[in-house]
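Working notes, structure below.
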Amino acid sequence: MSLVIFAPERSTMNIYGYCRISTAKQSIDRQIRNIRAEYPTAHIVQEAYTGISIFRPEWLKLYRVLKAGDMVVFDSVSRMSRNAEEGFALYEDLYHKGIRLVFLKEHHIDTETYKKALSGSIAMTGTNVDFILKGINEYLMALAKEQIKLAFEQSEKEVSDLHQRTREELLTARLNGKQVGRKKGTGFETKKSKAAKEIIRTHCKIFGGTLDDAECMKLTSLARNTYYKYKRQIRAELIAEQDLPKGASIFYEPPKSFRAGEQAHFGGTAGVFGTSGPSVP
């Protein structure tokens with residue numbers, strides 16, 4: 001009977017590129033481009049989430065599949081974490097699990113650099129100077145750790161400084177009498193809402209068009225509450241412009257107690273007076 005010897009499977013290193021932005025409005029392309037330039041085969045993991053916490057959905061998924069020998073590449077240390085304490089704890093956790101970490105903008109804190117610093121101890125001599133050499137080795141290890149901590153602290157400080165600058169700029173603007181943010185009662189308008197309002201303003205009977213509310217709602221595909229909200233906004237705009245179309249009533253909006261059946265019962269379009277209100281010529 002012959003003995004068959006199986007060669008152990010060669011472990012392959014997986015290379016991941018982790019790219020993070022704080023909000024979906026930001027661009028993540030630069031980070032991907034930088035990682036691809038040095039590691040073309042890296043599997044890119046993208047995430048739009050704050051860096052203040054390490055409990056991020058996509059990062060946690062990646063963390064669970066990492067195994068010894070794998071590599072994770074970051075464009076900078078701030079992409080890994082903006083919390084100094086959590087960031088350093090995560091760094092050491094991954095390092096001791098055999099995960100290689102690479103920071104393109106801070107190569108001095110790559111885990112390989114850290115590993116060399118820890119293994120570069122001065123050999124003992126067996127003489128009385130060994131206690132001095134031991135102190136030097138401990139100092140070098142502490143220095144390597146401190147460099148990593150400082151990198152994460154700097155990342156956290158950048159966020160703190162940004163928040164502080166923003167607060168100061170807002171305060172300066174207010175003191176100078178400038179409007180900060182949207183005026184009360186105004187809101188952000190999308191292209192879809194603008195288009196819907198234009199249809200209502202053009203075709204709704206109350207604004208001089210030929211369609212009733214039901215027909216306008218069908219034409220715009222708006223929910224009832226949204227439709228009437230837009231009508232109120234259009235009315236306010238027209239009043240502000242002093243440009244109401246002939247036959248348009250500023251009292252068109254029915255109270256909640258008035259529904260389609262009740263409007264039919266009273267006849268006409270219910271207004272704040274119960275029936276069609278006065279028209280503005």
Over 22 Å between Cα atoms, which of 25/67; 61/145; 205/229; 134/157; 25/231 qualify? 25/67; 61/145; 134/157; 25/231
For a Förster distance of 51 Å, can you work out the FRET efficiency between the beta-carbons of residue 41 and residue 143, rounded to the nearest 0.05? 0.90
Can you tell me the dipole magnitude for the range 191-247 around its Cα centre, using point charges on the Cβ only (Lys, Arg +1; Asp, Glu -1), in Debye to the nearest 20? 240 debye
Which whole-number percentage describes the relative contact order of the range 20-76, with Cα contacts under 8 Å and a sequence gap of 6 or more? 40 percent
Out of the range 50-94, which chymotrypsin sites (Phe, Trp or Tyr not before Pro) are coil in DSSP terms and have no more than 10 other C-beta atoms within 10 Å? 55
What net charge is computed for the residues neighbouring residue 144, neighbours being all others with C-beta under 13 Å from the C-beta of residue 144, Lys and Arg scored +1, Asp and Glu -1? -1
Expressed as a rounded percentage, what relative contact order does the range 191-247 have, with Cα pairs under 8 Å and six or more residues apart? 34 percent
Work out, step by step, the length gained on full extension between residue 237 and residue 189: first 0.36 nm times the residue separation, then minus their alpha carbon distance; give nm to one decimal. 15.9 nm
May I ask you to derive the FRET efficiency for residue 150 and residue 176 from their Cβ-Cβ distance with R0 = 35 Å, giving the value to the nearest 0.05? 0.40
Is the range 191-247 best put as rounded, prolate or oblate by its Cα gyration tensor, with a ≥ b ≥ c the root eigenvalues, rounded for a/c under 1.5, and otherwise prolate when a/b is larger than b/c, oblate when not? oblate
By Cβ neighbour count within 10 Å, fewest first, 145, 105, 231, 25 rank 25, 105, 145, 231
Förster-model FRET efficiency, 25 Å R0, residue 159 and residue 33, C-beta, rounded to 0.05: 0.60
Can you pull the one-decimal nm distance between simple spin-label points at residue 169 and residue 93, each 7 Å off the Cα toward Cβ? 3.4 nm
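Bear in mind these aren't lab numbers, they're just calculated from the coordinates by the rules spelled out. For clarity, every value in this text was computed on a predicted model and none was experimentally measured. FYI the Cβ positions are ideal-geometry reconstructions off the backbone, even for glycines, and counts take in every protein chain you see.
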